[in-house]
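Since the structure comes first, as structure tokens, the remarks are kept for the end.
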Amino acid sequence: MPEYLWVRKSLYPLAGPHKQPMAVTTLFGASVKRREDPRLLTGSSKFTADFSPPNTLYAVFVRSSYAHANLATVDVGKALKADGVVAVLTGAELGDELGQVPCAWAIPNANLKIPKYMPLAKDRVRYVGDPVAVVVARSLEEAYDAAGLVRVEYSPLKAVVNPEEAVKPGAPQLYDDVPNNTAFTWSVSGGDVEDAFSKAKHVVKQRLVNSRLQPTAMETRAVVADYNRVTGEATVYMTSQNPHIHRLLLSLVTGIKESKLRVIAPDVGGGFGSKIHCYGAEAVILHLARKLGMPVKWVETREENFKATIHGRDHIQYAEMAADGEGHVLGLRVKSYANLGAYLSTAAPGIPTILFGPMLSGPYKIPAVSVEVVGALTNTAPVDAYRGAGRPEATYLLERMMDVLARRMGVDPAILRSRNFIPSSEFPYQAKPIGLLYDSGDYRQALEKAMQIIGYQELRREQERWRREGRLIGLGISSYVEICGLGPSSVVRSTGFGLGLWESATIRVHPTGKVEVFTGASPHGQGEETTFAQVVADILQIPLEDVEIIHGDTGKIPFGMGTYGSRTTPVAGGAIALGCQKILEKARKIAAHMLEASEKDLQYVNGAFQVAEAPERRKTFAEVAYASYGAGQAELPSGLEPGLEATVFYDPSNFTFPFGTHICLSEVDPQTGMVRILKYVAVDDCGRRINPMIVEGQIHGGIAQGVAQALYEEAVYSQDGALLTSTLNDYLVPTAVEIPAIVTDATVTPSPHNPLGVKGVGETGTIASTPAVVNSVLDALAHLGVTNIDMPLTPEKIYNAIKGRL
């Protein structure tokens, strides 16, 4: 791997809007301010809702108020006569004009059953929020008024919302062709689990609930579709994390050729996984634009967002851990009931299986692991990828069980973890149950660093004094490893994923030496417009302001797989780095020709090719770029095509595996059950850090969401399927007041196979923080005999757990 692909001491200063040099001497590794922020912070960015082509019509969906019911009639007569109404469409009228909403992850060997998922409900509704009709009018107000005139007659049916109850005989059935509401039963095993448990001195068991979450991105989903009847071309502005994937799926549902369909993701106000998926509403809006010959716009309300946008997590897990007398973990056995909601969303089958089961060894050397996952259909909103997607569920289970085992044995949780870590000398390491090849790691170093920063040993000594004083203060540890950089196409395709997970990049150098980078990734808050520019400027040794990053428009960028799974920097960044290498290889040939020198005699220093023995003979990058377009006899070698551009499709040879340790110190108020986080330390290893400031921002945001699950957020359904957390008055998203001050630090273990040595960091904080917080609270209550509280650990739950024990 060329060293310049990792780091270079650049002599080029960075220039801001007023061309004042910044005190930065290296681009890779510099905390450069995000170039996206000025437009985002000043309100000059454009989101999907900001686009309203001339003559735009407005759509409002009529959604089911029942969780489970047959549709008797949908009367749209009054709505059609309302002022400004252009069209009203029901599922019955839509018929077969649109195809089914696809499920793109057909996991193998699991008896997978994919029920029919139509964009508009036709005969039956299966969750509160299921769309039954759509009203289109000349103004949004008129569309809302008319939607209120649609009369739907329902024949209510019994509902089921709990995944464990849904698969029991006699439970209400959502589909005739999915017996017992069981969409799949997936299992995998590695090592001799039965032997491990038979030899164990200690066996601990625990039922765990990984609560359901509502993603709650700041920007709700939105679609603006414009269809040209003359050319047959359609342009769709939408809130997307993967525009090319949305183009493919919308093409499949609507029948519009991909070559005639352009999907544009402008600035996107957060996604957290919820904007990966193809929803029926998006296809309906595109269909209406084609049918009416006018632009159609739909912007989701917050209540719709909570009811109809995918939810995350929602596992009921039964875990057993076996250990020998010294606390070495011998085996882990897991059965999980995963709530999939009413339909199988785009990636739904793979999240609680492929991204969950293989990670159950975590950072530990566990010789035997078995897992069974039952995918249950229920009368709730569909469940799919939410930040972390399967990895948080695995880490939470494992880290809770490590604490349960430590408490059973009377061993400090830090000592138990250290005793079971995979030694740094054994990497690359094949982890049970399926043999994922962890690329690199030093797990003990991260734990020890976190312990040193928070003052772990001193806090343990102080804890005894605090308890004597009646204070309930606990320490919680979470050591994790996650699978990122999704991922090697041959592997992901073998799991039933619909496409490979390579990534694309086009590097275009203009005659002036300015560079445009077209990436198939689709950043939406992660900061890659900045970090990708840093990578390009560093490798090509040009000023940062000479690099422009272009993404999110299928009419401009090469086909790409998008942004999720902490893959953007490792995979898309890898493609960009390799593309830059190709640019330099061609530029070297041109420079050698211009300088009448051998390629091997040239050095590339400070953005110029120079003859090693005569450095005064040199050609700058801009001069070489101009020559590539001039293509004269003295400029371009014979047989070399003009121009300076490279397109790369990078398919990584392995996933990447970030890791780290988070430690939380929290205090419980014995009178109210309220939790206050006193200290929080996060030591994360995401390989080489392109921009440490952006990395810290990602970690902070992830921790906030993980703390939210631990203490505050939970999507709650009534027994008859009504969503009780359908507004921000009911769904408790924490504010800056509730989120603690966070101390971050790092170890750096480069990925040996990644072109940049990076691993990914977007989901790290979410994965690690939830068990750290929960473990800290339960540690505070351990001497009272409290062993488990299901998330979120609300004051009411904690108060009831400790009542009568103080």
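Plugging the Kirkwood radius over Cα pairs into Stokes-Einstein for the stretch 53-116, at a temperature of 20 °C and a viscosity of 1.002 mPa s, what D comes out in µm²/s? Diffusion coefficient, whole number: 135 µm²/s.
All other residues with a Cβ under 13 Å from the Cβ of residue 529 taken together, and with Lys, Arg as +1 and Asp, Glu as -1, what is their net charge?
On the way: positive: 33, 34, 35, 39; negative: 36, 37, 267, 516, 528, 545, 548.
In short, -3.
Under the simplified labelling scheme, the residue 745-residue 176 pair shows an inter-label distance of 6.4 nm, with each label point 7 Å from Cα along Cα→Cβ. Here residue 585 and residue 70 are evaluated by their C-beta separation; at R0 = 60 Å the FRET efficiency comes out at 0.40. Ranked by the mean number of other Cβ atoms within 10 Å of their residues, highest first, the peptides 706-718, 516-528, 764-776 come out as 764-776, 516-528, 706-718. Under 5 Å between amide hydrogens, built in the peptide plane, is the criterion, and for residue 87 it picks out 136 among residues at least 5 positions away or on other chains. As a rough guide to protection, the peptides 618-626, 752-760 ranked by mean Cβ packing within 10 Å, highest first, stand as 752-760, 618-626.
Any idea what % of Cα-Cα pairs in the stretch 84-137 are farther than 16 Å? Please list the in-between numbers first.
Values: 774 of 1431 pairs.
The answer is 54 percent, as a whole percent.
Between (1) 2, 10, 16, 20, 20, 15, 10, 5, 1, 0; (2) 2, 11, 18, 19, 14, 12, 11, 8, 5, 1, 0; (3) 3, 13, 22, 24, 19, 12, 6, 1, 0, 0, which entry matches P(r) over Cα pairs in 10 Å bins from 0, in percent as derived from the coordinates of this structure? Matching the structure shown: (3). Using R0 = 56 Å, the C-beta based FRET efficiency linking residue 205 and residue 31 works out to 0.75. Listed by chain and number, the aspartates and glutamates whose alpha-carbon sits under 16 Å from that of residue 449, ignoring those within fewer than 8 places in the same chain, are 458, 684, 685, 745. Determine the shape class of the stretch 391-547: with a ≥ b ≥ c the square roots of the Cα gyration tensor eigenvalues, call it rounded for a/c under 1.5, and otherwise prolate if a/b is greater than b/c, oblate otherwise. Because a/c hits 1.5 or more and a/b exceeds b/c, the stretch 391-547 counts as prolate. Accessible surface of the stretch 427-483, 1.4 Å probe: 46 percent of it comes from carbon and sulfur atoms.
A simple count of charges around residue 598, restricted to other residues whose Cβ falls under 14 Å of its Cβ and scoring Lys, Arg +1 and Asp, Glu -1, yields 0. A 1.4 Å probe, protein heavy atoms only, puts the accessible area of residue 728 near 100 Å².
Over all directions, how big on average is the projection of the convex hull of the alpha-carbon atoms in the stretch 312-426, in square nanometres? Working shown, then result.
Details: hull surface 30.2 nm².
About 7.6 nm², averaged over all directions.
Only helices reaching 15 angstrom along their own axis (Cα) with mean Kyte-Doolittle hydropathy no lower than -1.0 count here, and for the DSSP H runs of the chain these are 243-254, 280-292, 391-409, 443-454, 528-540, 573-595, 692-711, 764-781.
Rolling a 1.4 angstrom probe over the protein heavy atoms with all chains in place gives the chain an accessible area of 36 Å² per residue.
Quick check: from the Cα gyration tensor, does the stretch 465-529 come out rounded (a/c under 1.5), prolate or oblate? All intermediate terms of the calculation are to be shown ahead of the outcome.
Values: a/c = 5.40, a/b = 1.97, b/c = 2.74.
Taking the square roots of the gyration eigenvalues as a ≥ b ≥ c, the stretch 465-529 is oblate.
Among the trypsin sites (Lys or Arg not before Pro) within the stretch 38-86, those in coil by DSSP and having at most 15 neighbouring Cβ atoms inside 10 Å are 46.
May I ask for the distance between the Cα centers of the stretch 778-801 and the stretch 142-188, given as a whole number of Å? If you average the Cα positions of each part, the centres end up 33 Å apart. Of the cross-linked pairs 275/365; 168/201; 514/759; 257/589, those separated by over 31 Å at the C-alpha level are 275/365; 168/201; 257/589.
If packing is taken as the average count of other Cβ atoms within 10 Å, what order do 463-474, 601-612, 393-404 fall into, highest mean first?
Working: 463-474: 14.9, 601-612: 17.7, 393-404: 26.8.
Going by the mean number of other Cβ atoms within 10 Å, highest first, we get 393-404, 601-612, 463-474.
Compute the FRET efficiency between residue 138 and residue 494 as 1/(1 + (r/R0)^6), taking r as their Cβ-Cβ distance and R0 = 45 Å, and round to the nearest 0.05. Walk me through the numbers before you get to the answer.
Numbers: r = 51 Å, r/R0 = 1.13.
Efficiency computed from Cβ-Cβ geometry: 0.35.
The dipole here belongs to the chain: it is taken about the Cα centre, uses +1 on the Cβ of Lys and Arg and -1 on the Cβ of Asp and Glu, and is about 580 debye.
In the frame of its principal axes, the stretch 546-618 has Cα extents of 48, 25, 20 Å, reported largest first. From the Cα gyration tensor of the stretch 18-144, with a ≥ b ≥ c the square roots of its eigenvalues, which class applies: rounded if a/c is under 1.5, or else prolate if a/b is larger than b/c, or else oblate? Oblate. Remark: accessible surface ordering of 629, 386 (largest first) is 629, 386, probe radius 1.4 Å.
Using all pairs of distinct alpha-carbon atoms, the Kirkwood hydrodynamic radius of the stretch 698-806 works out to 16.3 angstrom. Identify all lysines with a Cα-Cα distance to residue 205 below 18 Å; exclude those on the same chain that are fewer than 8 residues away in sequence. Cross-link targets: 335. Among the GluC sites (Glu not before Pro) within the stretch 27-101, those in coil by DSSP and having at most 14 neighbouring Cβ atoms inside 10 Å are 97.
The values are calculated or read from the model by the stated rules, or taken from the named source; none is laboratory data. The structure displayed is predicted, hence computed values, not measured ones. Every residue, glycine among them, receives a Cβ derived from its backbone with ideal geometry; neighbour counts consider all protein chains shown. Note: areas computed on protein heavy atoms with side chains; ligands, DNA, RNA excluded. Shrake-Rupley method; radii C 1.70, N 1.55, O 1.52, S 1.80 Å.
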